Structure formats: structure tokens, C-alpha cells
1. Which of the residues that make up segment B:163-183 are closer than 25 Å to B:Thr115 by Cα and surrounded by 16 or more Cβ atoms within 10 Å (Cβ to Cβ)?
2. Going by the conditions given, is B:Val5 of a type in the set (A, V, I, L, M) and touching a Leu at 6+ places or on another chain (Cβ under 9 Å)?
3. Of the conditions (1) at pLDDT 95 or above; (2) crowded, with 16+ Cβ neighbours inside 10 Å, A:Thr40 satisfies every one except a single condition; which number is it?
4. Test A:Ser153 against the stated conditions and say whether it is in contact with a Gly (Cβ under 8 Å, 6 or more places away or on another chain), at pLDDT 95 or above, hydroxyl-bearing (Ser, Thr, Tyr) and assigned by TED's automatic domain parsing to the domain that holds A:Ile224.
5. If you check B:Tyr319 against the conditions, is it among the aromatic types (Phe, Trp, Tyr), within 30 Å of B:Asn363 (Cβ to Cβ) and assigned by TED's automatic domain parsing to the domain that holds B:Ala354?
6. Could you tell me which numbered condition A:Gln164 fails, if it satisfies all but one of (1) under 20 Å from the mean Cα position of the chain (by Cα); (2) closer than 24 Å to A:Glu203 by Cβ?
7. For C:Thr171, state whether it is buried (at least 23 other Cβ atoms within 10 Å of the Cβ) and away from chain B (no Cβ under 12 Å).
8. Being of a type in the set (Asp, Glu) and surrounded by fewer than 20 Cβ atoms within 10 Å (Cβ to Cβ) narrows it down to one of A:Glu52, A:Glu93, so name that one.
Amino acid sequence: MRVGLFIPCYVDQFYPQIGVATLELLEKLGCEVHFPLNQTCCGQPMANSGFEHLTGGCNSLFIDNFEGFDYIVCPSGSCTLHIKEHLHEEKREEKASTIRKRVYELTEFLTDVLKVENLEANFPHRVGLHQSCHGQRGLKLAQMSELNAPFFSKPEQLLKQVKQLDLVSLSRKDECCGFGGTFCVTEEAISVRMGQDRVKDHEDKNVEFITGGDMSCLMHLEGILRRQQSPVKVIHIAEILNSQIK
Amino acid sequence: MESKVLEHSKASEVFNKDKERVGWHDETLWFVRSKRDKAAHNIPDWELLRSTASSIKHNVLSNMHDYLVEFEKNALANGVHVHWAADAEEHNKIVHGIIAKHGVTRMVKSKSMLTEECHLNDYLSKNGVEVIDTDLGERIVQLRDEPPSHIVLPAIHLKKEDVGETFHIHLGTEKGNKDPQYLTEAARHHLRETFLTRKIALTGVNFAVAQTGEFVVCTNEGNADMGAHLADVHIACMGFEKLIPRREHLGVFLRLLARSATGQPITTYSSHFKKPREGQEMHIVIVDNGRSTQLAREDFRNSLKCIRCGACMNTCPVYRRSGGHSYHNAVAGPIGSILAPNLDMRKNADLPFASTLCGSCSNVCPVKIDIHDQLYKWRQVIVKEGYATTSKKLGMGAMTFTLSNPAIYQTGGKVGRWFMRNVPFVVNNGLNPWFKNREMPEPPKESFREWYLNNKKS
Amino acid sequence: MSSRDKILAKIAQNQPEFSALPDLKGLGNVYESPAQQFKTILEGIGGKVIEFSDWSEIKSFVKEHFEANSRIISTLPELAEIAELNWAENDPHTLENVDLTIIKGHLGVAENSAIWITESLLKQRVSAFIPQYLAIVLDAKSLVSSMHEAYAQIGMEEYGFATFLAGPSKTADIEQSLVLGAHGARGLTVFLKV
């Protein structure tokens, strides 16, 4: 199975260890993983700011880089959702459509395609799960608290396989952290307040780590935690799932 | 003439200065959202109910012309006067015309967001007509000379101390008494006298039934009924999208409305007005005010399905922390942000950006309006039409250029440096709002790409 | 062109392609014991249910709970002993000092404890709204499970005014604190005939 590794631009630049963890994890699970070198960004920061019409270049580049793979896997719900919903190119619409169908967020790829039931991972810590809205409500990685529908959660399904991991239950299970792309600077006051409130919910449950499938949310929460000099750390779910049994 | 309106982000900044109060506001509305969840989760067919309601409303949009004609015909046959208003001004003139014809100068009014949208109270007051709002929340904000901050809970931004002070000044209640029971009792006495003495009552409309020509008004307080049943003239004002095809469809919408709004199984009173009381005069004013334009916008017409339950506001993490007034529109919150640009795109260009696009609004919406998708789509329209003030500042052009050019992206310099220079939320200078309350991640020794080239690329 | 014609023309031009109405079949719960559900919900929203089989029970309840000089009105000849019956033709404003109105309801809905009352049972539209307290006599046999069943029964019934009434008048407009007795009745007692 040939997997194209789609690494969000900010992960490439700031959090290379998440890319490494994702790649190692996928290889451990038997995938042939390639990282197309000319990838940059999915175009979401522009599109969400109202500049979707300027994302043509990003789209072409994405198709150049990712056509031909059996699957495209990304350790970000938000970037995956953007490609799923907005990747188009007039001249290569068929290719764009194939890519839209083949792109997966990491946890759903593990649960739905690889059907992972037994992860050899170990993380002896108390952890809170931050559901990114794009992953949860957009990609439906977990049931949403607003709906009257049966519970499921792909990230939780995986975290439960991690030995010694103590997953806490939050009082607001799927409240937005307030990152929101450029929202985090254009609506700074609200963004920060939302982040502080999210952090507090985790702190109230005495977590050591906040994890999640979207490093953008975690980067925002980390920024707040560090400013508050909190001992709580953030860690991407790929790093937990890839943690070795020692 | 029009006072300077603060952009949503600026108004939110002001609102967020009082941290404790923001926390209180958030918790209060979250409490309402939680009640809504409990009610929704107690109804096994809830999701089917939502999709049914959405389909009914879709049918209404697709057959609006005929339903309106049918409604008018039936209402006329019921002995009701029917008026049509193309815009807010015409609506206000029609209402004033009815009042003037009866030679009165005082009116009671129950909640009608449409009249807020049309600024009816201002218009009538300029024309010498005194209007008393009778919904408790609306009366509170009216006495304070403020607009409602929420379509269902107009005074949700106020604490009981604020209400106590307002009532002390205007209704002569004891100074310092902030007991909700005591204050509500004071309002009951004050407004009872009003109900008993006013000759004209205006109400909103929750649903208008094409099949029968009747309209339904829902309240918990009973103020619409007290006003209408004691007045000689009842004026009911409605946006044309309030129509539903048949009486039996009320079963669907009345099950959804109160549960979505406050978590109640139904409002205390769901009153069906079909004919005027003997000796009474009844008027219906059907208003367009931009709705027919919205109907033409394929991406946005679903916003006309809205039944004004306010669930999207209660669940919105931004609304809960910015307050209704920050939306500078009669209807605040997520739904207001997709309705307002249709009314005035320049003035409301900031509103579709006042969201993280988290999508919770679309999930609670009882008629399944794709609210957060419409927010995204409005952003595209607003930028294309050239109204994007905030987005322009972000230097999207430079960013797009680099992100479309791998060579430039890769040679951008040391890891993280290109980002620090170009991506709006990480631009590394003292002016970047990111740093006011957050740290930036530390750039690592190597990027993932560099790691990959060193370790993996064969 | 009048505003009416302008609005209608614009709507005709702008409305989307016709989309059919959905089926309402399959909506609504069916409760095993509608009376129990009705009672639970009504009590949850501040109302009271008193089961009775004989009118004398209502009379003694009212005598026990209301002072002798209270103004009590009713539409039910069975209650002539405790209530005024001849107020229907008067100006509605004359009901301002009513302490208790006792009327009949057509049907009750178990899912939300709403009671359907049309103008013919109200006599005066304001009679259910203006008193300090309201009591409604309802036959347990008239209870239905859902709003859908209720509207199926109502059908195309003719009325000038009707209401679904559930519980006492209330507000939570001051800091979400629930207060009973906003503008309408402060309390609702349902006498359920079993």
C-alpha cells in the first residue's frame, strides 16, 4: 500500500517530530510511505480568510505531489478537511476528485483503513483529549455532543489501546479552543479567552498532557500554557500512538 | 446620522476586559445549551424531526409565491387585513398608519425581532407614539435604552444587580433589591396596568399557516396574549419566511422550537390566531426587507429557514464570549452573521469572520441550516466584493505566492523563519496580537523536510 | 406596481426549483402510559395534576385552596356552586381581578403536557391568561402521546383562536432564574378525570 504523507506546513516548520512519529507509525503498521518533497500548504489559511480564489496554485501543487498514491494521510483533521472539501482544478478535476476521496486524517486512517486493534504503544500519563472541530464535526472522527446519536470516537478508540494511558473526561467534551486559523489574531481577545477556558477544563482534571489530532489547536493551547507557566504539556496524538513500549 | 459601529473584534475586546463577567456570560449561555442537549437527547426521533423540519422549510422556499398567495386569501377570508411591506421603512409606515387611523398614541408590543430589524420603536417614537415592550427581557433593555443582545433572551447580558438598579430607577423598586422573583413581580404589576390600558397591541409571528391563514405566536410569559386579547386592534408583523404549508406542520416545529431555544418541552403558550375577536380589528404585515434577495442567493437562501430559536447563539463559543451587542445587528450570533451581510454587506463585512467555523451552530440548528458553511461562503463573497478590511491586513497575496512556489517556500531560510515573516498568526514582531497572551513555538533544529532528506530519502 | 405585486414577482423569480414536502409518518413517540408522562412533564414545568372522578372533589379542592372572597370564574355549569358562570359577554377587561379561572381542555399531549383549548372553551380569549391562577379540567381519555397525534385530531377544526397551553406563565429573563407568574397565571392545576 503506497501512502503519500501529507505534512501540514506549520508541522513541517515547527513540529517535525509529529511528521517523524506519523511516518514511523505508518511504516510500523506496514505501509510504504513517501513524502513528496514539493508539498507546501493545503491553502486553508487563505481560503478561510475569504481568499479561496487565490488557492489555485496550492491546489495544482497538491495534485502534482499527491496524484497516484493509494492513500494520502495527514496528521491534521483541519488540513485533511480542507482538501476533502475544497481541492479542485478545472483541468484536472478527475484527479482532484480521486485525491479528495483518498485523503485521510491519521486516526481515521488507522481505525477505518488499517483497522488497527492492537497498538504496541505505552504512555504512562494522565491525558486530556482536545477534539479539533474540523476533525470532529468536519470529518466526523467522533460523535458530536449536539446530536442525539450513538457515541463513537476514533481517536479515543486508539488511545484506549495505549498501555497505561489515563484518559480524563472533560466537562465540555467538544468545545472549540478558539484557534480558528487567522481568527487567532483577527479576533485575538476571544481566541485567547476560548483557549484559556479550554486549558482550564484540562487543568481542572489534573492532566499532564493535552493531546489531539490537530497541532494548530495544540500550538494555540501550548502558547497559552507556556505564557501561564503551566506544567501541562501538549503532545500530538501521533506521538502517543508511536510511543514505544520500553 | 448613524453612530459609529465598533467592529466585532473591537467590541469583543472591550467586552473581554471584564474577565469575570465574560466567564459568567459564557457559563449562563452554556447552561442554556446544556438544557437544550438534555431535551434533544430525550427525544428519540430528534434527528429525524430536524431533517423533516428542514425539508418542510425547503418546500416552503421552493413554493413561497403560491403559499403566500394562499395565506393571504385565507387570512382575508378570516376577516384579517393583510399588508405588504417591501422594506423596513414601508413596514414602519404601515404600522404607524394603522395606529394613526385609530387616533391613539400608545401601544403594547410583544417580542418581534422583525420590528427590531426595522427599528420600529425609533420610528414610532419619532412620530409621537409610545411603545412599551412587554417581554420582561425586552422591557428591561428598553428601560436601559439598549437593544436586545439575544433573540430569545434579550437581557442575557445583564446581571440581576443591573436589572435591580434599572427597576429602581424606572419602576421604583427598592434600591439594592436584586431578587429575580421580586423584580419579576414588579414588572408584572407595571405591565399589567399597561395591558389593561392600551388599545393597540403588536406581536410577532412564529409561524403562519398557508392552508388556514392563521398564525402562531409562542411565549412563556403570556405577554402576546395579554396584549392581543385586551386590545381593540392587533397588528402582527412577519417576515414572509415565517410561512409553513399546513397546520399539521406545526406539530413538527412546536416540538423543535422550545426544546432548541431553552430546553423546555414546549413554550407555555402556543397561541393560534385565526380570526379577530368579535369587535376587534386584526392586521398582518408581511415584510420582505431583503428576504427575496436572499432567496435568490443559492448559497445563502437556507438562512431563510431560521425559526429564531437562538440555539446557535447559545452554543457558539464566540457569541458566549463576545455578547450579542458585539454583532451590531438585530439578530446576533452565527445566524445573524449570515443574515446581516444580505442586508448591508459593507456594514456587516466583519460578522462572517467572527467565527472559528467550529460547526456547532449547524449541529444544533433545528432546521439544519448549514450555518458554518455559509459563514465560509460569505467570507469569499465579502473578499471578492472588496469589503474585507480585516483580511486585507493579513497580506494574503504574499503568503499565497510563497505557498504556491515550493522553491521559494523551501529556500525561505532557516527553519521557521519564513513562517515568522509571512504567516499572519505567527509573524514575529511586537505588533502581532498572537504575543499579547501567548508564546510562539520555538523553531526546531531542522524541519521535517530536512529530517526526511537526511534520514529517509534514498 | 404595488409592494405586494413587486414582492410576489421577485419571489416567483428567485425561489428555487420545487422540492416536495416530506412525509410526517414515523414521527413522535408513543407512550405506554400517556397519563404518567403527562404528569411527569407538567410537574417538571411547574404545574400540578390532581386526579378526580367526581366534581365534588374539584369543589373541595378549590374551597381548600382559595379564600372565600376570591373571584373565581368558570365555563363549567358543574361548578356553579363555587364559580361565576355569566361573564362571557362582558368586556374582557372586567376579568382583571379574577383569582382563578376553571375551564375545560379538549386534549392533552403527553410528550410536553400541552393542553389544546379553543375559543369555544375559553368563552373570552383572555380568560386563560388574565387570572392569577388557572385550572383546566381534562379527561384522561383525551390524552394523546405526541403533537403529531394532537394535530391529526385537530384536523381542520374551525376556530377564531386556540392555544396549546403548558404549565404556568413563566420567565427566566433575569439571569436565567426561573420565576413563575410573568404576565399570565402564576399556577396551573390540571384536574384529570379518571
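1. If the condition is that a residue be closer than 25 Å to B:Thr115 by Cα and surrounded by 16 or more Cβ atoms within 10 Å (Cβ to Cβ), then B:Val163, B:Thr166, B:Phe167 are the ones that fit.
2. Working: of a type in the set (A, V, I, L, M): yes; touching a Leu at 6+ places or on another chain (Cβ under 9 Å): no.
No, not satisfied.
3. Of everything listed in (1) at pLDDT 95 or above; (2) crowded, with 16+ Cβ neighbours inside 10 Å, A:Thr40 misses just condition (1).
4. On the way: in contact with a Gly (Cβ under 8 Å, 6 or more places away or on another chain): no; at pLDDT 95 or above: yes; hydroxyl-bearing (Ser, Thr, Tyr): yes; assigned by TED's automatic domain parsing to the domain that holds A:Ile224: yes.
Here the answer is no, as A:Ser153 does not meet what is asked.
5. Details: among the aromatic types (Phe, Trp, Tyr): yes; within 30 Å of B:Asn363 (Cβ to Cβ): yes; assigned by TED's automatic domain parsing to the domain that holds B:Ala354: yes.
Taking the combined requirement at face value, the residue satisfies it.
6. (1)
7. Details: buried (at least 23 other Cβ atoms within 10 Å of the Cβ): yes; away from chain B (no Cβ under 12 Å): no.
No; evaluated as a whole, the condition is false for this residue.
8. Values: A:Glu52 fails: surrounded by fewer than 20 Cβ atoms within 10 Å (Cβ to Cβ).
Going through A:Glu52, A:Glu93 in turn, the sole match is A:Glu93.
The values are calculated or read from the model by the stated rules, or taken from the named source; none is laboratory data. Because the structure is predicted, anything quoted here is derived from the model rather than measured. Here the Cβ is made from the backbone with ideal geometry for all residues, glycine too, and neighbour counts use every protein chain on show.
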